[in-house]
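Here is the structure we will look at.
The numbers here are math on the coordinates, done by the rules we state, and not lab data. Note that the structure is predicted; figures quoted are calculated from it, not measured. Every residue, glycine among them, receives a Cβ derived from its backbone with ideal geometry; neighbour counts consider all protein chains shown.
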Amino acid sequence: MIYLITGGAGFIGSNFLNHFVPKFPEHTFINIDNLTYAGNLKSLEKVENHQNYHFRQIDIANSEEIEQVFKEFQPDRVVHFAAESHVDRSITGPKKFIETNIIGTFNLLEMCRKYWSYFEDKLFHHVSTDEVFGTLGKDGFFTEKTPYSPNSPYSASKASSDHLVRAYYHTYDLPITITNCSNNYGPLQFPEKLIPLVIQNLLKGEIVPIYGKGENVRDWLYVIDHCEAIWTVIENGKRGETYNIGGNNERNNLEVVKSLCQVISNYTGEDVQKYLNLIIYVKDRPGHDYRYAIDPTKIQNELGWFPTETFDTGLHKTVKWYLENEQWLKSITKDEYQNWINKNYINR
Ligand code: NAD
Ligand code: TYD
């Protein structure tokens with residue numbers, strides 16, 4: 001089977017490839033990624049020399065470039081990770097989100113429609129987010145039947161792409177599956193997102209900015225659990241269906257940051273108070289969704305997927321990985337990163 005992986009140099013895509021390329025030598029994996037600030041080939045050093053792995057630097061918003069890849073490799077399955085993925089960046093600059101997340105997804109769907117003359121064994125798997133459902137109050141969970149109600153340019157662009165994918169199933173019989181998952185964390189995540197940003201700042205002795213009062217709740221999912229869930233859906237998911245993926249790990253942001261202070265203190269032997277003193281409260285994110293929480297009953301009951309990590313075990317693994325991979329962190333934060341930090345945090 002030939003798998004076309006989009007966005008394979010990003011956080012989840014690189015974990016997916018590092019996990020599955022060695023595991024399935026009988027499959028070929030083509031990674032297409034245009035290497036934005038969030039994409040890094042250093043994240044793929046483990047698999048870059050594998051015979052069943054290929055990389056092409058391609059922008060999914062460019063249909064001609066994608067067509068070349070379809071002609072060259074004739075993929076059977078597309079696993080679509082590529083996206084602009086950061087809510088704060090979608091607030092300061094939404095245009096790229098429309099181009100990549102909506103036009104890019106449309107281009108890929110069109111290419112599948114053009115090149116897949118028969119649909120047996122073909123699949124377009126779309127990786128999406130629970131943020132398309134909007135925000136929850138103190139109670140309740142997102143199910144596959146929750147109406148879409150996106151609040152940020154990021155989630156609105158992901159919602160649009162989800163609708164396009166579903167429409168290609170209903171209109172053209174294109175075999176598709178969609179997964180909507182909660183916040184991921186783990187190795188190789190770019191330190192613009194909460195958990196790696198906090199780990200990095202605590203280790204460098206820099207302030208840790210919490211938006212608002214730190215009461216917003218996210219439902220944390222360890223990235224390898226997410227990758228296994230995606231593989232389960234690709235293999236056994238019903239075509240045309242959506243599956244929610246979550247780890248049943250709700251925490252508010254302040255709890256997450258305090259846990260990280262404790263875990264890091266355990267590793268370094270420094271007093272936890274030294275880390276807690278770095279926490280500051282900054283102006284809230286505009287339109288900040290209060291709470292996300294996934295009901296994963298469908299994927300658990302129908303496909304038998306369950307997460308293997310608790311938040312505690314996942315957080316330990318993540319901190320350990322960042323401690324052991326200081327060079328990776330340094331290499332990806334040397335260029336555009338400081339501009340982003342200044343832009344996002346200086347005026348809060
Ligand atoms: P990421 O930002 O770390 O990586 C995105 C990757 O896509 C990068 O390698 C980037 O270079 C590539 N890319 C961006 N624009 C591109 C373009 N025009 N053409 C080709 N490649 C392009 O994102 P991530 O956290 O790995 O997320 C992967 C997917 O999972 C996204 O679709 C995201 O919406 C979804 N998701 C992420 C989370 C999360 O917590 N990280 C949660 C739910 C859903
Ligand atoms: P983030 O990692 O950006 O993911 P998302 O916005 O997709 O949920 O943020 C997770 C939570 O952490 C969110 O409620 C915003 C908050 N947050 C902070 O409080 N400080 C920060 O510096 C960042 C990046 C996020």
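How fast does region 101-144 diffuse by Stokes-Einstein, in µm²/s, taking the Kirkwood radius from C-alpha pairs at 4 °C and 1.567 mPa s?
97 µm²/s
Amide H neighbours of residue 250 under 5 Å, counting only residues 5+ apart in sequence or on other chains, H built in-plane at 1.01 Å?
When sequence neighbours closer than 5 places are left aside, the close amide H contacts are 220.
With Rg and the Kirkwood Rh both taken from Cα atoms, where does Rg over Rh land for region 1-125?
0.96
Under a 5 Å amide H to amide H cut-off, with H placed in plane at 1.01 Å, what residues pair with residue 4 once short-range neighbours are removed?
HN-HN under 5 Å from residue 4: 30, 76, 77, 78, 79.
Net charge near residue 144, counting Lys/Arg +1 and Asp/Glu -1 over other residues with Cβ under 12 Å of its Cβ?
-1
Per residue, how much space in cubic angstrom lies within the convex hull of the C-alpha atoms of region 227-334?
174 Å³
Seen from all sides and averaged, what is the projected area of the convex hull of the Cα atoms in the chain, in nm²?
With every direction weighted equally, the projected area is 16.4 nm².
On the first, second and third principal axes, largest extent first, how far apart are the outermost C-alpha atoms of region 75-206 in Å?
57, 34, 27
Among the listed pairs 138/238; 95/317; 204/283; 158/258; 23/145; 71/317, which are separated by more than 29 Å between their Cα atoms?
138/238; 95/317; 158/258; 23/145; 71/317
Between residue 2 and residue 288, how high is the FRET efficiency from 1/(1 + (r/R0)^6) when r is the Cβ-Cβ distance and R₀ = 35 Å? Nearest 0.05.
The computed FRET efficiency comes out at 0.25.
Which whole-Hz couplings ³J(HN,Hα) result when phi for each residue of region 197-212 is put into the Karplus expression 6.51 cos²θ - 1.76 cosθ + 1.60, θ = phi - 60°, listed in order with x for Gly and Pro?
4, 5, 4, 4, 5, 4, 5, 8, x, 9, 5, 10, x, 9, 6, x
Counting only residues 5 or more places away or on other chains, whose amide H sits under 5 Å from the amide H of residue 55 once H atoms are built in the peptide plane?
Answer set, sorted by chain and number: 31.
Would you mind giving the three semi-axes, in whole Å and largest first, of the ellipsoid equivalent to region 140-225 according to its Cα gyration tensor?
Semi-axes from the Cα gyration tensor: 32, 15, 12 Å.
Divide by every residue of the chain the summed helix terms, -39500 (n - 2.57) for each DSSP H run of at least 4, and state the resulting mean residue ellipticity at 222 nm, rounded to the nearest 500 deg cm²/dmol.
Computed mean residue ellipticity for the chain: -12000 deg cm²/dmol.
Starting from the 7 Å offset along Cα-to-Cβ, what nm value, one decimal, do you get for the label separation of residue 320 and residue 266?
Result for the modelled spin labels: 1.0 nm.
In region 183-275, if every C-alpha pair distance is counted and binned at 10 Å from zero, what percent goes to each bin?
14, 40, 28, 13, 5, 0
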